[in-house]
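Beneath this line is the structure, given in structure tokens, with notes to follow.
What follows draws every value from the coordinates through simple rules; no lab data is involved. Please read all numbers here as calculations on a predicted model, not as lab measurements. Don't worry about glycine lacking a Cβ; one is built from the backbone with ideal geometry, like all the others, and counts go over all protein chains shown.
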Amino acid sequence: MKKYTGNPVSSGIALGKALVYLDNNTSEVPRYSIQKDQLDSEWSRYLSANGAAIEELKALNVRAKRDMNKEHSAIFEAHLMMLEDTEFQGQIKGRLETSLQNIEWIIKNISHEMSAMLMASPDPYLRERAVDIVDVLHRVINKLLHAQRVSLADLSEDVILVCRELLPSDALAMNKARVKAIVTDLGGATSHTAILARAFGIPAIVGLSSASKEIKTGDMLIVNGVSGELVVNPEESVQTEAKHKRKHYYKRLGELQKLRALPAETRDGYRVSLKANIEVPEEAEAALGTGCEGIGLYRSEFLFLSAGRPTDEEEQIKAYSQVLKVMGNLPVTLRTADVGGDKLLPELQLSDERNPILGWRAIRVSLSQPELFKTQLRAMLRAGVSGNLRIMFPMISGIEELEQALAVLEEVKSELRKQRKAFAEAVPVGTMIEIPSAALTADILAEKSNFFSIGTNDLVQYTIAVDRGNEKVSYLAQPFHPAILRSLKQIIDAAHEKGITAAMCGEMAGDTSFTALLLGLGLDEFSMNALAIPRIRRVIQSVTKESCGRLAKNALRCTSYHDVGRLVEDWMLSELGTNYKAI
Ligand code: PEP
Ligand code: MG
């Protein structure tokens, strides 16, 4: 039995068998020297991995033939020929004997050399074969590393996914019903994979450093997404205790769920609005079940990420209308695409930037790709006839960008009018405040916005200069930092002075440790992953606005995030007799 502790980013408790998942591009191949007397055993490792890869390819080929997929079948046959080629095997053996390095390292090098040679060829056919070489040899490497190369969409058994990093596109594609938990070496609490895990209600722990190298497929795991503890191959008694905790956790969640009909109102009558963040249209139904009062953030870029390309107008209308119809009269805030950063869309070639987080992302992409942007706005406005639509722009850095985006929106409306298409005319338009320059000019942006929505995931990232996906610096991502509190106060006050709503859709809004402070600062609307709504509602109902106001005032006087954290913790214990992190 071995224990690890990481960053719990999606609550829940799960027990199950590990599936170590390496993506196709994994470059983490270990390198070590071997002795002459280890040559035989190293060669047998190769033969058995090669044999397993051949069996896998044969099975895939049978399936491709059954599905009459000639193209796939031809690829599998070419791959099989290569792995069965005795001359090629001899080449690998020769290299093993002369270099005395581990076999996966040798295969990786051969794969690099062969693909580089093919890539240099003037013949396009040969250049295309470079990909095949890398692909087929990685299949063997993955076998050697005990990782199964599986399609996450085809999972047919319950698994706990163990990986170095799970890409948002993998998380979208996986068979969610079969993934009981996710554990990753990399990642922070506000990385988009963590956000997706919460959206799908899958317990997750990130930032486990080297777990994916040490855990083997088939190991028994206990994942505690509340405490961040991961146990590998637990004893019987530890499993029994975990099952008990799991039962208790889900019973408590069910009890909180029963509060859904009650208003989100403090004991002294201060009413706020609780909304849901969603990433895929199918989530809307479940969100409604938690008693949310609308969608505060629909991350439309996931529509593009699932398709692997920007979808066309009709496809978008279908997705947006689905959400708007489910929500009826309740407001639905569609955010224009926030691609870039950790949400790369290959078709737009966003992967070659040195600093993607500070680069071509969100509204910057939209404004420089007017056709893409206009298509999205047309789809949103046209879908708007099905419900209560609001539109919101991500990553606005200043008034120029907001004005440009608003001008495009007006242009699209006028085109729709000319074309006599039905669309929603009077749509409130909001600005996301998630860049320090926007926070500092919130009073200016408020003049042209119908509402604000504070994106604390990015606001914390950019204010403290801490990459939200990098576990090495995640200790610095502290929403209690005095700089963040001052920033939030400035944004909320600026909104109220101009008479507009101050909403929040960053992860901070769904974390019970911050609820009292945010109420005290005067936040009007909290938007979060739907599963968090019952817990946040419970906190709001237990406190008074007056006392939260005093807490916020005192917190703003603190000089460090440690002090703010302690202040809030003490306040909770004295006011409520409990620590709300425990809910
Ligand atoms: C945020 O930055 O807080 C936010 C809600 O947007 P995203 O997480 O999609 O960047
Ligand atoms: Mg953001």
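Observations, loosely collected:
- Computed lengthening from R260 to T559, 0.36 nm per intervening residue step minus Cα-Cα distance: 103.9 nm
- When the chain is described by a simple charge dipole with +1 on each Lys and Arg Cβ and -1 on each Asp and Glu Cβ, the residue from G269, G499, S111 located farthest towards its positive end is G269.
- Contact order normalised by residue count of the chain, Cα under 8 Å, 6+ apart, percent: 14 percent
- Summarised in one figure, the compactness ratio Rg/Rh of segment 325-480, Cα atoms and Kirkwood Rh, is 0.99.
- 5 Å binning of all Cα-Cα separations within segment 24-144, expressed as whole percents from 0 upward: 2, 11, 20, 22, 19, 14, 8, 3, 1, 0
- Karplus (6.51, -1.76, 1.60) ³J(HN,Hα), θ = phi - 60°, over segment 473-488, in Hz, Gly and Pro reported as x: 10, 5, 5, 7, 6, 10, x, 7, 4, x, 5, 5, 4, 4, 4, 4
- Secondary-structure-derived ellipticity at 222 nm for the chain, considering helices only, amounts to -15500 deg cm²/dmol, per-run term -39500 (n - 2.57) for DSSP H runs with n ≥ 4.
- For K93, the lysines whose Cα falls under 17 Å of its own Cα, not counting residues fewer than eight places away in the same chain, are K36, K108.
- When both segment 531-569 and segment 399-452 are represented by their alpha-carbon centers, they are found 32 Å apart.
- Kirkwood hydrodynamic radius of segment 272-582, from the reciprocal of the average inverse Cα-Cα distance over all distinct pairs: 19.9 Å.
- Length-normalised contact order for segment 364-505 - Cα pairs under 8 Å, 6+ apart - percent: 23 percent
- Electrostatic tally near L297: other residues with Cβ closer than 12 Å to its Cβ, Lys and Arg +1, Asp and Glu -1, net -3.
- Net +/- balance of residues flanking E403 in space, Cβ distance below 11 Å, scoring K and R +1, D and E -1: -3
- Nearest-20 debye value, the chain charge dipole, Cβ charges on Lys, Arg, Asp, Glu: 1560 debye
- Between N329 and E575, residue separation times 0.36 nm minus the direct Cα-Cα distance comes to 84.9 nm.
- Both radii come from the Cα set of the chain: Rg as radius of gyration, Rh as Kirkwood radius; their ratio Rg/Rh reads 1.01.
- Other residues with beta-carbon under 14 Å from the beta-carbon of A439 carry, at +1 per Lys or Arg and -1 per Asp or Glu, a net charge of -2.
- Linear extension gain, S33 paired with A120, 0.36 nm per residue minus alpha-carbon span: 28.2 nm
- Per-residue HN-Hα couplings for segment 529-545 [Karplus 6.51, -1.76, 1.60; θ = phi - 60°; Hz; x = Gly/Pro]: 5, 4, 5, 7, 4, x, 5, 5, 4, 4, 5, 4, 5, 8, 10, 10, 5
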